[in-house]
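There's a structure below that I have some questions on.
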Amino acid sequence: MNEIAKMVLVTTIICAFAATLLGGLRNGLSDRIAQQEDFFVRGPIIEELFTGAPNDPLSDKIEFGYQDGSIGIYPWIEDGKIRRIALEQSGRGGYGGDITVMTALDLESNRIFGVRVTQHKETPGVGTRAMEPDYLSNYRKLLIKDDIKLKNDGGQIDAVSGATRSSSAIADGVSRAAIFVNANRESILKSIQEKQGSRGNRP
């Protein structure tokens, strides 16, 4: 009986140690994965959306905490002012699942500045037609306070024929970004300013 108890104790210790080790490894890898995604996935999209930005939006990125998580905010800072920001949100209802959308917003005009898709599982040549820059340009200059939906749902955006579900998920992602910024605008700006201040810059 003592031998069984010892075996149980040893097994429990080994399992606890392995779980701690794997947890630490996972946390370390998640940070690295996020950095790699910033560099290889989000970076090129931010560079495309924010062509001509005088600062480096990737370097000036903040992790804005809300509810049980955080969201990356990429700012365009010019002449000491935060003029634009970009952020990701997942839109629900895609044919292959959620579609993650990067939405850039102009804070001076309160309009959408640009939209790109960063992650999806849609069918190439079908759902992906709703991700082409020419189509996504339809979102440009929509007011952030607008009810951003497809026309079929009472909004202002046409769906791509044959890719309605993909179009709807993208619209949902853009809408979520706009709603998030409207609800957290002052806190987002304050967080960006605090980071700039800690680095010796004052936007």
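We did not get these values from a lab; they are worked out from the coordinates using the rules stated. Predicted, not measured: the structure shown is a model, and the values here were computed from it. Here Cβ is always computed from backbone atoms with ideal geometry, including for glycine, and neighbour counts include all displayed protein chains.
Loop-only trypsin sites (Lys or Arg not before Pro) in region 131-203, please: DSSP not H, G, I, E or B, and at most 15 other Cβ atoms within 10 Å.
On the way: sites: Arg140, Lys141, Lys145, Lys149, Lys151, Arg165, Arg176, Arg185, Lys190, Lys195, Arg199; in loops: Arg140, Lys141, Lys145, Lys149, Arg199.
Filter output for region 131-203: Arg140, Lys141, Lys145, Arg199.
Along the Cα→Cβ direction, 7 angstrom out, place labels at Lys190 and Asn152. What is the inter-label distance in nm?
The two pseudo-label positions are separated by 4.2 nm.
Run the numbers for Gln67 and Asn55: contour at 0.36 nm per residue of separation, minus the present Cα-Cα distance, in nm.
Numbers: separation 12, 0.36 × 12 = 4.32 nm, distance 2.91 nm.
Gain on stretching Gln67 to Asn55: 1.4 nm.
Could you size up the charge dipole of region 54-198 around its Cα centre, putting +1 on the beta carbon of Lys and Arg and -1 on that of Asp and Glu, and report it in debye to the nearest 20? Don't skip to the end; give the middle numbers.
Values: 19 positive and 20 negative charges, 44 e Å.
With only Lys, Arg, Asp and Glu charged at Cβ, the dipole is about 220 debye.
What's the local net charge at Glu122, with K and R +1, D and E -1, over the other residues with C-beta under 15 Å away? Spell out each step's value before the answer.
On the way: positive: Arg92, Arg116, Lys121, Arg129, Arg165; negative: Asp98, Glu132, Asp172.
In short, +2.
Quick one: if you stick a label point 7 Å off each Cα along the C-beta vector at Ala183 and Lys121, how many nm between them?
With each label point 7 Å from Cα toward Cβ, the separation is 2.5 nm.
For the charge dipole of region 64-178, defined by +1 on Lys and Arg C-beta atoms and -1 on Asp and Glu C-beta atoms about the Cα centroid, which residue among Ala171, Thr103, Ser70 has the Cα displaced farthest towards the positive pole?
Ranked along the dipole, the leading option is Ala171.
Can you pick out the pairs among Lys61/Lys121; Lys121/Lys149; Lys149/Lys195; Lys81/Lys121 whose Cα atoms lie more than 29 Å from each other? Write down the numbers at each step before the final one.
Details: Lys61/Lys121 26 Å; Lys121/Lys149 21 Å; Lys149/Lys195 34 Å; Lys81/Lys121 37 Å.
Among Lys61/Lys121; Lys121/Lys149; Lys149/Lys195; Lys81/Lys121, the Cα-Cα distance tops 29 Å for Lys149/Lys195; Lys81/Lys121.
Along each of the three principal axes of the Cα atoms of region 107-203, give the extent in whole Å, ordering the values from largest to smallest.
Cα extents, longest axis first: 51, 27, 19 Å.
Relative contact order of region 26-178: what whole-number percent is it, with Cα pairs under 8 angstrom and at least 6 residues apart?
On the way: 289 pairs, mean separation 29.8, N = 153.
The value is 19 percent.
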